[in-house]
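Reviewing the structure listed below.
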Amino acid sequence: MAARLIRLRYAGTCAGCARALPAGTKAWWDAGARTATCAGCQPAEAAASEWPVDTAVADVVVQNRTPGPVSTGAAGASARREYERRHQRREERIEQEWGRLSGVVKFLTDDPQSTRAWAKGSDGEQCLAQRLVRDLGDRAVLLHDRKVPGTRGNIDHLAIASSGIWVIDAKNYAGQVEQRNVGGWFRTDLRLYVNKRDRTKVAAGLGWQVEAVRKALGSAGIPVAATISVTPALCFTDAEWKFFAKPFQQDGVWVTWAKKLVEMIATPGPLTLDDVAHVAAHLATALPPITP
């Protein structure tokens with residue numbers, strides 16, 4: 001069936017660019033794939049004529065089976081904002097120091113690596129969000145770039161599915177990912193290496209995010225909340241893996257890549273569609289999105 005242009009009754013996520021689609025937005029709905037695509041990714045001339053909202057459309061939940069509208073958030077928003085803040089500060093500093101020659105200095109120099117890393121991280125989050133939306137379809141509710149009240153930190157992605165809640169940190173690192181035992185003969189000391197650099201602390205950083213989600217669940221008032229598994233995952237979006245590599249756990253955190261992450265999230269579990277809907281709606285409120 002060809003995609004039809006409808007006005008969404010529930011919030012969703014664009015299958016093309018992973019942009020949040022608030023309730024009431026006009027978007028192209030593919031009933032077969034159960035995905036929504038924004039007008040920017042699929043212009044009007046590329047699809048069929050507009051389909052007015054009727055009873056059938058009103059019952060559709062786009063990407064999120066929720067009791068009401070859910071703000072899915074914009075992937076990479078906080079990282080992009082931090083990059084822009086640092087970039088703008090550098091531009092202003094050059095203008096103050098070089099005056100009329102500032103344009104030449106800007107052209108001949110670039111932002112430091114510490115600033116560019118924020119832009120690269122934002123790109124990685126957006127890339128992973130697009131992959132999750134495309135491959136999980138309506139099997140999971142996806143929330144992106146969530147605030148954690150009382151902290152300055154954020155959670156890159158939350159996936160709520162039959163298998164439970166997945167707390168996902170996206171990393172856009174280059175080089176080979178591997179786990180090494182550096183403990184010697186008589187003790188085990190497993191560490192995460194990326195491009196021959198010890199990145200073990202990156203996995204350890206997900207602990208506080210898991211606790212934030214558990215704390216949010218504690219006030220949910222949902223019967224199954226206490227029994228829901230909360231699984232942290234570190235997903236490398238642009239790294240290399242050995243030929244027969246498998247995801248592994250580092251300090252209780254799954255270290256993986258996008259395709260395998262999708263498979264793990266999509267594994268059948270104990271949560272019903274209603275459970276997923278209510279948990280997602282609660283987390284979307286308790287951990288609100290960061291606005292671009």
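The values are calculated or read from the model by the stated rules, or taken from the named source; none is laboratory data. Since we're looking at a predicted model, the values are computed, not measured. A quick note on method: Cβ atoms are made from the backbone with ideal geometry, for glycine too, and the neighbour counts reach across all protein chains shown.
If you check ASP123, ASP156, ASP110 for being at pLDDT 85 or above and farther than 23 Å from PRO268 by Cα, only one passes: ASP156. Looking for something under 19 Å from ASP135 (Cβ atoms) and either in contact with a strand residue (DSSP E or B) (Cβ under 7 Å, 6 or more places away or on another chain) or among the aliphatic types (A, V, I, L, M) (or both) - is there at least one such residue anywhere in segment 211-231? Checking segment 211-231: at least one residue is under 19 Å from ASP135 (Cβ atoms) and either in contact with a strand residue (DSSP E or B) (Cβ under 7 Å, 6 or more places away or on another chain) or among the aliphatic types (A, V, I, L, M) (or both).
Somewhere in segment 195-213, is a residue in a strand (DSSP E or B), over 20 Å from the mean Cα position of the chain (by Cα) and of a type outside the set (A, V, I, L, M, F, W, C)? Explain how you work it out, then say what you get.
Kept after step one, since they are in a strand (DSSP E or B), are these residues of segment 195-213: 197-198.
From what is left, the residues that are over 20 Å from the mean Cα position of the chain (by Cα) are 197-198.
Add one more test, that the residue is of a type outside the set (A, V, I, L, M, F, W, C), and what stays is 197-198.
Yes; the residues of segment 195-213 include at least one that is in a strand (DSSP E or B), over 20 Å from the mean Cα position of the chain (by Cα) and of a type outside the set (A, V, I, L, M, F, W, C).
Checking each residue in segment 259-286 for being under 21 Å from ALA129 (Cα atoms) and polar (S, T, N, Q) picks out THR267, THR285. When each of VAL279, VAL262 is tested for being modelled with pLDDT under 90, aliphatic (A, V, I, L, M), assigned to a helix (DSSP H, G or I) and surrounded by 14 or more Cβ atoms within 10 Å (Cβ to Cβ), the lone residue that passes is VAL279. Within segment 155-197, if we keep just the residues that are acidic (Asp, Glu) and within 26 Å of ASP145 (Cα to Cα), the residue that is surrounded by the fewest Cβ atoms within 10 Å (Cβ to Cβ) turns out to be ASP169. Per the listing THR227, THR231, the residue uniquely polar (S, T, N, Q) and under 15 Å from the mean Cα position of the chain (by Cα) is THR231. If you filter segment 203-252 down to residues that are among the aromatic types (Phe, Trp, Tyr) and exposed (fewer than 15 other Cβ atoms within 10 Å of the Cβ), you find that the one that is modelled with the highest pLDDT is PHE248. Looking at THR200, THR151, just one residue is of a type in the set (Val, Ile, Thr), out of contact with any Lys or Arg (no Cβ under 9 Å at 6 or more places or on another chain) and more than 22 Å from ARG131 (Cα to Cα), and that residue is THR151. If a residue must be farther than 13 Å from TRP166 by Cβ and not aromatic (Phe, Trp, Tyr), how many such residues does segment 243-292 contain? The qualifying residues number 27.
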